[in-house]
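Participant: Before we start, here is the structure in question, set down as C-alpha cells.
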Amino acid sequence: MGTQEAEIFEDLKKILRYYEALGIDNIPVSLERDQYIDIDFSGDKNILLDGLREEIGDCTRCKLSKHRKKIVFGEGNPNARLMFIGEAPGREEDNQGMPFVGEAGMLLTRLIEKMGLKRNNVYIANIIKCRPPMNRDPEEDEIKTCRVFIERQIEIIMPEVIITLGRIALQSVMNNPVLKITSVRGNFFEYKGIPLMPTFHPAYLLRNPKDKWLTWTDMQKVMQRLKIEIN
Ligand code: SF4
C-alpha cells in the first residue's frame, strides 16, 4: 500500500470510528470521496460532548464526589488534531471547573504555544474528573469508575495524536499499571489505532525543570507526526 492509499485508509478508519461512537453499526450508502471530504463534524461533536457532560451530571459514581467543588470535564476544540490527557484536577482546576489552569497549566499552555499551536486548537482533559483530596494519586477504583468518560471523549474527538501527561494518565489510558514514564516517554504507543506519546506531567517539570528539554524532544516527535513545521 502506497503512502497516499495508507492515508486514505487511515481517514476511512477515523470516519468509521466516528460513526461507531455515534452508535451507528452499518452504513447503508457508499460515500464517494468528494462527498465526505468536506463534511464538518464539529457541530455533531459538540452535541456528543454536551451529551456526555449531561450523562456525567452531578456524578456520585465514586468517592471523589464527596470533596470536589466542580467536575472538570475538559475543554478545547472538538475537532482537535491533538489531545492532551492529564491525571486529575488540582486545587485551581477544582475551583474553576477547567483543566490545567494552575501553575502547571500555564506551563502546558507555553508548551502548546512553543509547538506553534494555540490552547484553543487542542483538547485538554483528565482521566479523573474530580479532585482527589490533598492532590493524592487517584485510587484504582476511582480510575476504573471514571475511565469510561475519557474513553468516550477520545472516541468523540478522534484526535490524530494523544499526549498523556505523567505516569497515571499513561497507565490509565493504556490500561497497563506497570508502564514506567521514565523508561517509555518519548516512544509512540497506540491507543485504539491512535498514536499516543507519553511525556512528563507539567507539575513534574515544575519540580524538575532540567527535564523540560526531554519533554520538548517528545513534542518535536509529535509535531513531526502532525506535520507541524519545527521552527
Ligand atoms: S471522579 Fe469521575 S466517577 Fe468519580 S465522581 Fe467524579 S466524575 Fe464521577
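Participant: Is the C-alpha gyration tensor of segment 145-231 telling us rounded, prolate or oblate? Criteria: a/c under 1.5 is rounded; beyond that, a/b larger than b/c is prolate, otherwise oblate. Show your work: numbers first, answer last.
Facilitator: Numbers: a/c = 1.93, a/b = 1.19, b/c = 1.62.
In terms of gyration-tensor shape, oblate.
Participant: For segment 148-156, what does the Karplus curve 6.51 cos²θ - 1.76 cosθ + 1.60, with θ = phi - 60°, yield as ³J(HN,Hα) per residue in whole Hz, taken in order and with x for Gly and Pro?
Facilitator: 4, 6, 5, 4, 5, 4, 5, 4, 6
Participant: Once you have a ≥ b ≥ c as the square roots of the Cα gyration tensor eigenvalues for segment 40-137, tell me rounded if a/c is under 1.5, and otherwise prolate or oblate according to whether a/b is larger than b/c.
Facilitator: Numbers: a/c = 2.70, a/b = 1.20, b/c = 2.25.
Verdict is oblate for segment 40-137.
Participant: Further question on the same structure: Name the residues of segment 85-120 whose amide N is less than 20 Å from a point 7 angstrom out from the Cα of residue 63 along the C-beta direction?
Facilitator: 88-91
Participant: Label points 7 Å out from Cα along the Cβ direction at residue 56 and residue 134: separation in nm?
Facilitator: Placing both labels 7 Å along Cα→Cβ, they lie 2.6 nm apart.
Participant: For segment 74-199, what percent of Cα pairs sit more than 25 Å apart?
Facilitator: Values: 1289 of 7875 pairs.
Here the long-distance tail beyond 25 Å is 16 percent of all Cα pairs in segment 74-199.
Participant: What residues qualify as long-range amide H neighbours of residue 73, i.e. H under 5 Å apart, gap of 5 or more or another chain, H built at 1.01 Å from N?
Facilitator: Sorted by chain and number, the residues that satisfy this come to none at all.
Read-outs: derived from the displayed coordinates by stated rules, not from any lab. Predicted, not measured: the structure shown is a model, and the values here were computed from it. Cβ sites come from the backbone with ideal geometry, for glycine too, and all protein chains shown count toward neighbours.
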